[in-house]
Structure formats: C-alpha cells, structure tokens
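Read-outs throughout are calculated quantities, based only on the coordinates presented, and are distinct from any laboratory measurement. Treat the numbers as computed from the prediction; the structure is a model and nothing was measured. No Cβ is skipped: glycine too gets one built from the backbone with ideal geometry, and neighbour counts run over all protein chains shown.
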Amino acid sequence: MLRSVTLRSSVRAAVRSSSRKSLACSVTALKCASASAASVRYASQLSVPKTPTLINEPIKNFTFSDQKDWDLLRASISKFTDAPLDIPVVINGEKRFNSATLNHVNPAKHSQNLANVSQATEQDIKDAIESAKAAKQKWAATPWSDRAAIFLKAADLIATKYRYDMLAATMLGQGKNVYQAEIDCITELIDFFRFNVKYAQEIYSQQPLESSPGVWNRAEYRPLEGFVYAVTPFNFTAISANLIGAPALMGNTVVWKPSATAALSNYLLLTILEEAGLPKGVVNFVPGEPNQVTDLVVNDKDFSSLHFTGSTDVFKKLYVKISENVANDKYRDFPRIVGETGGKNFHLIHNSASVNHTVLSTLRGAFEYQGQKCSATSRVYVPESIWPEFKEKLTAAMKTITIGNTTDPALLNSFMGPVIHEQSFEKLAKVIEEAKNDSELTILEGGHYDRSAGFYVEPTLIQASSPEHPYLTKEFFGPVLTAYVYPDAEFESIMGKVDAATKYGLTGSIFARDRDAVRLAEEGLRYSAGNFYINDKSTGAVVGQQWFGGARMSGTNDKAGSGNILNRFVSVRNIKENFYELTDYKYPSNIK
C-alpha cells in the first residue's frame, strides 16, 4: 500500500526530467483560476448541512488474541523497512526530489535508514509561499461543506485503508509502541479531523442575537488574509494533523515545516489528504533546515499566522522575529501566534490518596512514550507518611517495564521504546550522570542508558532533597521523574512550591480522597496548569473531552481539541443590511 503513495525510481526520474519552470507555470495557472473563481462564484450552499453524529474513535487494544491486527501491522512494518523511501518536498502538488537529503533513521535501530528526506532549497521555500498564496482565493471560496468532506474522508481513510500503514510509520519513525501509536496517529488524529468539522459548523452558526426592525445583522468568518505557517513536532502525528488541518478547514492555505524525525508519518498523512481530495497548493510540505525555512516564511508580507508545537525556546525566538516585523510594518495584519510548548508537569499527592492508584498513574504519566510528551509527569510531591510505600511500589513496578524495539516482531508488545534521536539521548544521559554526582539528588531506580543499537534510556526515579532543586524546575523531555518528599502538615504550603518551581503551566494532578484537599489544590494551583486532573495522571487529554493547552511559558493556551482554536484562524466580518430608507437626517430630539 505504501508504494502507492511513494514515488519510486521510474516515476522520480520523470519528475526530475521536468523543468522547474513547470511550477511557475502551474502557479500562474492557479492564479488565473483563482481570478476566474472570483467572477464565476462557486455554488452557494443550498442547505445547512448537519455534521455526522460523532463519538471518539474507538481504540484497538492489540491484545494477544487479536492476531489479524498483529498480522496486518507486521505486513505494514515490512513495507517500510525493505528499503529507504524517498520523501520529496511537495509544492502545489508537485513532488520535488532534491539532491540534498536527510536520513530519517529508526531511533530503535539507528543503523536502519527509513527514508531519504529531500531538504527544501531557498527557491523551494519561496515557491511554497507563492503556491499557498495562489491557492488561497479558490480554497477560501470553496463551500465549507466541500472543505469539511475532505477531512471527514481523510479520517475514514485512516480508520480503514491506511490504519496499519499509519501505525507502522509512527512506530518506526517516532519510537512508539503499538498502543501509543494507536492512540496518537489513529484515534486522536481522526478525532481532530472529525470534531473540528463539528466545531467549525458551530462557529459558522454563531450569529448576532438581535436585529432592529428593517435591519438584518449577520457575521461571516473569513479565513485570514494571508497564509499560515505550521511548524510541527516529532512526538505526535496527530498534532501535525491538527496544526495543518485546523487552519486549512477554515479556508486558509498552509506552508508546513515537519519535524525531521517525523517525516515518514507526516508525508504519509499528506498523501492521504491528497487522496481525500485536498486541492494542490492548500498544504505545501517543506522539510528543510528550520532556520532557513522560518526566516523566509515569517519575513513574507503575507504571513498571517504561526501554528506551532515544539520547544519553548524556539517559540520565543519565533515570537521575537514576528514582533520585530510587526514593529517594522512588515505585515498587513497582526499575525496570529498560536503555540503549545513545554511543561514541567506535576503530581501532587495528599496523604489520603490511594497509593496503588497513584503509583500506577505516576508510572504511566512519567514513562509512557519515554516521557516524550509535553504533558508527561516529570515531578512528584509525596507526603512523608506514605513515601515508603509509594517508593517501594513505584520502584518495583518500574523494574517490570519492558524496553525494546517496538517494531521488532519479537518485541512488539514492549511498554517503552527509544528516545527520538541522538541529541535527546545525549541530553538525558548527561542529566543522569549529573544526578549521580549531585549530593542533593539520589537515584532510586533506573539510571542506565545504552545507544549501542538504539537510543534507549531506562525509566529513572530521582529523589531531590530540596523543593527548589533544578531537577524540579527544568524540562528534560524524557523518562526522568524527580520526587520530593514533604512533611504531611505542609500540604498547603507545598502548593506554593509546586506553583513557583517552574516557568511552565501545562498540566498537573492532585491525588486525594479528602475533598477539602482537592478543593485546596484546585484553588491554590489555578494558574499552575492549563489542564488540571483530579485523581488522574497528568497526560492523556482526549479530543472533545479535555481541551488541551497551557499558559505561562507552556504556550498560548488556545485549547486544541475544542472549537476555541479554530477561532484563531478566522477574521470575523459583521454585515448590517438595512431595508428602510431615510426620510430625514434629524434625530427625534431635533424635531419640534
């Protein structure tokens, strides 16, 4: 199936033999088509369509009895591993295979190259920008029902025809086990596409509440006037889908810079959208050197929005560049800046909590997907009275965690896989080594790492003797959990330490059976987390159920998984139509 979405040598040769002038011609043609679309209006909707009834996409469990699912998954994995794929830059639907490529390796087996990813040239990036501009008018004029149908069809294709290919691409390229991949690139991705359609319909239906006699007031939700720049991360294929899909659904066109370590699943996603009917130029796929791509995009006068998920430091730098351009009158509009970044997420445990439940929730929150989730639990505060039991049960459970290549037929059921790449591995290895030599830190479990075959880091539990220690402050983005033990009587005051320890405000949890303790934490930690959990782990927001996003230095808190985020990609125009004619200019108070 994969070969149907990847150009092999014969087709590639044909693409390379064509002149680069073809893009200029195609963009010119698209501009002409857009101009004609302005005069030949697209058919108005003759009805107000109702979106299909929605439920969250069910998760396949992949139990040992589900042999058919395992067999289909193994078949898809084999399609991605018999030879490296050639992934192009895609501009206005044209696939460009460049001589400069970057290897996309399997982090679980770094000797295995999964794909040769073409790196965009300066001209490619400029062409992608022009393609997004040229496609804009026609796409914005396309009836909402047509745009919605594309994303609904893509969701169905992922649920059926491409389910196992998407799983295989995400597992191989991003180190997830099958259940984590199922939650990410299948269920959450599908939910984003389907629920966004419902949210869009709700937004379009929001209209002024009142109209005076002889007046009709109405509102329209225009796409942003320029184009959107989507910068997507490695850790969730679903996030990439939402970062391009949310603005595109609302009539915007997109320049997409995928993460180098998610190119395989992201390119497959693009081909699925194309099969679902996404027109050329609406989404332009531009893998390449991040600074080069970003500089050209944000310096364009028609740049209208950044949709970003990644590190806080990178987001801050982008924010500065955009702000400087605003100050220098570079843009027509104030660009919308939408970002979700880092976190130093907490579990605060009260002495009334269920120890078994808290231990298992903390283990999952900290070590699922190797802690490479922006919401991962990376600090835990435990009262003295239950610490001995908590520590014993958590360390015992950690010893049972299986770690390995989750795409190896013999290890498909491993709980943990590798961290994403060499830089992440080296960073985490340094964190562990520094902990071994810090008198204020004690490694209680784990502390080993091995890169001989893949980038493997053991789940590691570290105890800090001070609540101000940097290991309770810094984001490590890996399977390292730092614990602080506090006197039971200081539960209320420890909340101040939890709140002040970091610059982040993404996720956090309170574990307690005592309702007064829950109330104290819910009030005292109001701004510590954009997603606050009571007796549940700090990870695992579900589209349509828990809207996701944090404030402070964790992002702009626009809440992916809700309709709120779609509002960032429209510009409202209010229209007042008057049916009465004036007969005099005077006010009633002027007439005797």
Under 18 Å from the Cα of Lys497 - lysines, other chains or at least 8 residues apart
Lys344, Lys474
Treating only the Cβ of Lys, Arg, Asp and Glu as charged (+1, +1, -1, -1), what charge dipole size does the stretch 345-549 show about its Cα centre? Round to the nearest 20 debye.
400 debye
Using mean Cβ contacts within 10 Å as the protection proxy, how do 505-516, 77-88 order, highest first?
505-516, 77-88
Say the dipole of the chain comes from +1 at the beta carbon of Lys and Arg and -1 at that of Asp and Glu; which of Ile244, Tyr204, Asn578 then lies farthest toward its positive end?
Asn578
Protection proxy ranking of 111-117, 324-330 - average other beta-carbon atoms within 10 Å, highest first:
111-117, 324-330
Report the full-extension gain for the segment Ile443 to Glu468: residue separation times 0.36 nm, less the Cα-Cα distance, to one decimal in nm.
7.3 nm
Using a/c under 1.5 as the rounded threshold, could you call the stretch 168-281 rounded, prolate or oblate? The axes a ≥ b ≥ c are square roots of the C-alpha gyration tensor eigenvalues, and prolate needs a/b larger than b/c, oblate otherwise.
prolate
Of all DSSP beta bridges having both residues in the stretch 223-353, the percent classed as antiparallel (nearest 5) is 0 percent
In terms of the alpha carbon gyration tensor, root eigenvalues a ≥ b ≥ c, rounded if a/c is under 1.5 and otherwise prolate when a/b exceeds b/c or oblate, the stretch 42-193 is oblate
Compute the signed sum of charges (Lys and Arg +1, Asp and Glu -1) over the other residues within less than 13 Å, Cβ to Cβ, of Ser304.
+4
Computed on Cα atoms, the radius of gyration and Dmax of the stretch 345-549 in angstrom are 16.4, 51
With the dipole of the chain defined by +1 on each Lys or Arg Cβ and -1 on each Asp or Glu Cβ, the option from Trp216, Thr312, Pro479 whose Cα lies farthest towards the positive pole is Trp216
Quick calc: nm separation of the 7 Å Cα→Cβ label points for Val48 and Gln292 -> 5.0 nm
Quick one: dipole size for the chain, taken about the Cα centre, charges +1 on Lys/Arg Cβ and -1 on Asp/Glu Cβ, in debye to the nearest 20.
1940 debye
Footprinting exposure proxy for Met553, Met250, Met171 (fewest neighbouring C-beta atoms within 10 Å first)
Met553, Met250, Met171
What lysines does Lys576 reach when the alpha-carbon gap must be under 25 Å and sequence neighbours fewer than 8 apart in one chain are set aside?
Lys586
Taking 20 Å as the cut-off for C-alpha to C-alpha distance, list the pairs among Lys136/Lys316; Lys316/Lys503; Lys176/Lys393; Lys136/Lys317 that go past it.
Lys136/Lys316; Lys176/Lys393; Lys136/Lys317
Quick one: compute the contact order of the chain, relative version, from alpha carbon pairs under 8 angstrom and 6+ residues apart, as a percent.
16 percent
Surrounding net charge for Phe532, when Lys and Arg each add one and Asp and Glu each subtract one, Cβ distance under 13 Å
-1
Assign unit charges at the C-beta atoms only (+1 for Lys and Arg, -1 for Asp and Glu), then state the dipole size of the stretch 139-179 relative to its Cα centre in Debye, rounded to the nearest 20.
80 debye
Express as a percent, rounded to the nearest 5, the fraction of DSSP beta bridges in the chain (both residues included) that run antiparallel.
40 percent
Given (1) 83, 81, 50; (2) 90, 50, 47; (3) 86, 75, 56 as candidate values of Cα extents along the principal axes in Å, which corresponds to the one derived from the coordinates?
(1)
Filtering the chain for DSSP H helices with an axial alpha carbon extent of at least 20 Å and a Kyte-Doolittle mean of at least 0.0 returns 21-39, 144-159, 189-204, 312-327
Centroid-to-centroid separation of the stretch 85-136 and the stretch 240-286 [C-alpha atoms, Å]:
12 Å
Dipole of the stretch 345-549, positive end: most advanced residue of Leu441, Phe532, Thr460 [Cβ charges, Cα centre]
Phe532
Counting only C-alpha contacts under 8 Å and six or more residues apart, can you give the relative contact order of the stretch 345-549 as a whole percent?
28 percent
Straight-distance crosslink candidates among lysines, where the alpha carbon sits under 20 Å from Lys133 and sequence neighbours closer than 8 are dropped:
Lys21, Lys31, Lys95, Lys257, Lys280, Lys301, Lys330
Row for the stretch 488-592, column shape: gyration tensor on C-alpha, a ≥ b ≥ c, rounded if a/c < 1.5 i.e. under 1.5, prolate if a/b over b/c, else oblate; value prolate
With both partners inside the stretch 345-549, how many of the DSSP beta bridges are antiparallel, as a percent to the nearest 5?
20 percent
When the Cα centres of the stretch 146-166 and the stretch 300-360 are compared, how far apart do they sit, in Å?
28 Å
Label model pair Asp516, Arg451: point-to-point distance (7 angstrom along the Cα→beta-carbon line) in nm is 5.2 nm
When ranked by the protection proxy of mean other Cβ atoms within 10 Å per residue, highest first, what sequence do the peptides 311-317, 473-479, 333-339 form?
473-479, 333-339, 311-317
